[in-house]
Amino acid sequence: MNMSFKPAPMSDAPQTTPPLDIRRATPNDADAMAKLINIAGEGLPVYLWQNMIEGSETAWDVGRRRAQREEGGFSYRNTQFAFGEHQIMGAVIGYAQPDTAEPVNRNEIPAMFVPILELESLAPGSWYINVLAVFPPFRNRGVGSVLVQAAENDARDAGKQSVSIIASDGNPGAVRLYERMGYTACATRKMVKEGWENPGENWILLVKSI
């Protein structure tokens, strides 16, 4: 099962984009990927990785192992980095959604993921931005916008006609950023938080035609 995390907090204030390059991730980038995925998920990924530990692994080892996979939503193969000032600034993870949505079986899926998967199923055939995160020193500088544009370029290369993303209403700056970039809120679902602390109340599906 692929798990979706909302983007790390972003400002909708005017931004100045620093000089940067977009490059593809490699298996050697697993550490940066794990950190950015956890930033995007506001600590939820590490919580989940603790339940996947094998042998003497740590939760971070699990995150790095998953990032190095050849397949799966969080594979390095689906990841692009914004690179500038001699370091990784942020990352976007995106991939194509199936053309036909699979039914969401509430009996086989942890409750907290049901609303996210229900929203994903409303945008079949789209290019799905699963993770978008920027390291704190580089926020509010336009890096997130550049990463979204990089994902949209991948979508066009894949012949997709739309891009989808799910955000929390607890992150209004990110929602406004996407709306400014042409994304439209199409549906919402109530969050199921269990033990996860988050200021949001609803997940929001945003979609853009390209």
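The values are calculated or read from the model by the stated rules, or taken from the named source; none is laboratory data. Model, not experiment: these values are computed from the prediction. Cβ sites come from the backbone with ideal geometry, for glycine too, and all protein chains shown count toward neighbours. The accessibility values were calculated without ligands, DNA or RNA, using every heavy atom of the protein model including side chains. Shrake-Rupley method; radii C 1.70, N 1.55, O 1.52, S 1.80 Å.
Tell me yes or no: at least one residue of segment 80-95 is modelled with pLDDT under 85, open to solvent by less than 80 Å² (accessible area, probe 1.4 Å) and either out of contact with any Leu (no Cβ under 8 Å at 6 or more places or on another chain) or among the hydrophobic types (A, V, I, L, M, F, W, C) (or both). Explain how you work it out, then say what you get.
Initial filter on segment 80-95 (modelled with pLDDT under 85): none.
No - not one qualifying residue is present in segment 80-95.
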When both residues are 6+ apart or on different chains and their Cβ atoms are under 7 Å apart, which pairs have a first residue that lies in segment 85-102 and is over 11 Å from GLU120 (Cα atoms), and a second that is of a type in the set (D, E, K, R) and not in a loop (DSSP other than H, G, I, E, B)? GLY94/ASP154
For a quick check of your reading of the model, give me the residue pairs whose first member lies in segment 14-29 and is closer than 19 Å to PRO137 by Cα and open to solvent by less than 50 Å² (accessible area, probe 1.4 Å), whose second is assigned to a loop (DSSP other than H, G, I, E, B) and modelled with pLDDT under 95, with beta-carbon atoms closer than 6 Å and at least 6 apart or on different chains. PRO18/ARG141
Which condition does TYR47 not pass, out of (1) closer than 17 Å to VAL131 by Cα; (2) at pLDDT below 95; (3) in contact with a strand residue (DSSP E or B) (Cβ under 9 Å, 6 or more places away or on another chain), if it passes all the others? (3)
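Only one residue in SER162, SER168 is modelled with pLDDT of 95 or more, under 14 Å from LEU205 (Cβ atoms) and hydroxyl-bearing (Ser, Thr, Tyr), so which one is that?
Details: SER168 fails: modelled with pLDDT of 95 or more.
Only one candidate qualifies: SER162.
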Taking the condition of being modelled with pLDDT of 95 or more and in a loop (DSSP other than H, G, I, E, B), how many residues in segment 1-36 meet it? 2
